[in-house]
Amino acid sequence: PFGVKNISNLAALMVVMVCFARGVWLPAGMVLLGVGLAGGALSTQAGVIAENERAHAETRLNSRLQAMDGIGDIIASSTDRDQLLSEIVRWVERELSVPAVSILLLDERRRRLTFEVASGEKGEAVKSFALELGQGVAGQVALSGEPLIVQEARSDPRQASDIAEAVEYPAESLLCVPMRLHGEVIGVIEAMNKTTGPFTAYDQSLLSVIAHQAALFLESSRVYSELQQAVEAAT
């Protein structure tokens, strides 16, 4: 990435270093020239690296903004709670390249997580299970309020292997993030078995954005339902 000019600079520096190593005397001006060329080359390299990092950051930002627009379109296009949650799950499948996604919500006593929506070939089977707070990866995320990536889920003791064995669907890798509302965890979103490589920090950031939007919608849906019931009771 240096170009011809910088390659020449590095070549001049190498000549100076070889002469110094062999005890060949060079005029002070030549030594200073070599040092100056080296500094110029390193400065150019730093500039190239900074430019690449800036371009990469812009690409990630644009991708994240598009993702947020996508989830916003889903929320705006549906008022049905179950339909919206199912759309969010399918959207996560596409964006993160995963075959299975689950949304688990804490019960009223905030002790157990139940599968509200679960996709994948064993999605319906896992909906008959529940996790205690702190049990499995999802339970630990709900308890700590911190996202968690598990790249080797089969050998990880935090994984709820009994559920995976019961439904005969092993978890190879997991990404789980909390759903927060007014500072409190109300549930988690869990993605399984990414097909294009390991889960990344960007995947975690993206899923966290989705989880936040989903939590806001659930609260709006709850308030709307209560208002609708009040109106029906009054009439």
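Some observations on this one:
- Residues that are of a type in the set (Lys, Arg) and surrounded by fewer than 19 Cβ atoms within 10 Å (Cβ to Cβ) occur in the range 216-228; there is at least one.
- Flag if residue 151 is loosely packed, with under 15 Cβ neighbours inside 10 Å and closer than 27 Å to residue 83 by Cα: no
- Meets criteria (open to solvent by less than 40 Å² (accessible area, probe 1.4 Å) and either aliphatic (A, V, I, L, M) or in contact (Cβ under 8 Å) with a residue 60 or more places away in the chain (or both)) for residue 133: no
- Options 49, 74; residue that is among the β-branched types (Val, Ile, Thr) and at pLDDT 60 or above: 49
- Yes/no for residue 189 being in a strand (DSSP E or B) and either among the small types (Gly, Ala, Ser) or closer than 22 Å to residue 136 by Cβ (or both): yes
- Figure legend. Inter-residue proximity from the range 140-157: first residues closer than 18 Å to residue 197 by Cβ, second residues open to solvent by 40 Å² or more (accessible area, probe 1.4 Å) and part of a loop (DSSP other than H, G, I, E, B), beta-carbon distance below 7 Å, spacing 6+ or different chains. Indicated pairs: 150/158; 151/198; 153/172; 154/170; 154/172.
- All of 206, 174 fail the test of being within 18 Å of residue 131 (Cβ to Cβ) and touching a helix residue (DSSP H, G or I) at 6+ places or on another chain (Cβ under 7 Å), apart from 174.
- A count restricted to the range 111-127 and to residues that are open to solvent by 60 Å² or more (accessible area, probe 1.4 Å) and either part of a helix (DSSP H, G or I) or without any contact (Cβ under 8 Å) to a residue 12 or more places away in the chain (or both) stands at 1.
The values are calculated or read from the model by the stated rules, or taken from the named source; none is laboratory data. No experiment lies behind these values; they were computed from the predicted model shown. FYI the Cβ positions are ideal-geometry reconstructions off the backbone, even for glycines, and counts take in every protein chain you see. What goes into the accessible areas is simple: the full protein's heavy atoms, side chains included, and nothing from ligands, DNA or RNA. Shrake-Rupley method; radii C 1.70, N 1.55, O 1.52, S 1.80 Å.
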